[in-house]
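The block underneath contains the structure these notes are about, expressed in structure tokens.
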Amino acid sequence: LFICKNTAIYRALRAKRRRLELDAALPVYLVDALPSPCVFGVFRPAIYLTPAALETPERTRMVLLHEETHCRHGDHLWALLRCALLCVYWFDPFVWLAAYLSKRDCELACDESCIKRLGEEKRVEYGGALIDLIDRSRRTDLLAVATTMSGGKRAIQERVARIASFTRS
């Protein structure tokens, strides 16, 4: 299931992508049918954006910062490790819980790092962009190696609350 799911994601991204010339540390592509921006790839990661992520230059900058931060934190590699552990220990509910919490923590750490780099005065704008771009139609997919912005209502509320209450320590 893990191999099939990620192969399907890979093929869909490769077939529908258009290269964008943006100032970014990774290759950036536009994919019209993508549910949310993401980083995909283990050995040669790339950033995949949605048309909504390109609405304004400021939003594009925030999304690129978010996805580059995921890559800088190695979240695409942690996602692969999570998937491998889920494949081996598929029968253990605690491993599924740990994988879910690990993915959530990656997102929260990424948000915190982005706000520190953007500045506290941009946190509301960053939170608004996050709400606009997050894929509310799907729950978090633990078997996908992509760092998609997804989650249920409670996960989104928690992230936005953390962003709103962020203070530099």
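Observations
- With a Cα cut-off of under 21 Å and a minimum spacing of 8 residues unless on different chains, the lysine pairs in the chain number 4.
- Prolate/oblate/rounded call for the chain, Cα gyration tensor, a/c under 1.5 rounded: oblate
- Residue-normalised accessible area of the stretch 38-109, given per residue in Å² at a 1.4 Å probe: 50
- The 3J(HN,Hα) values that the Karplus relation (6.51, -1.76, 1.60; θ = phi - 60°) gives for the stretch 2-13 are, in residue order, 4, 5, 4, 4, 6, 5, 5, 4, 4, 5, 5, 5 Hz. Gly and Pro appear as x.
- A crude spin-label estimate for the pair TRP90 and ARG44, with each label 7 Å from Cα along the Cβ direction, gives 3.1 nm.
The values are calculated or read from the model by the stated rules, or taken from the named source; none is laboratory data. This is a predicted model, so every value here is computed, not measured. No Cβ is skipped: glycine too gets one built from the backbone with ideal geometry, and neighbour counts run over all protein chains shown. Only protein heavy atoms, including side chains, enter the accessible area calculation; ligands, DNA and RNA are left aside. Shrake-Rupley method; radii C 1.70, N 1.55, O 1.52, S 1.80 Å.
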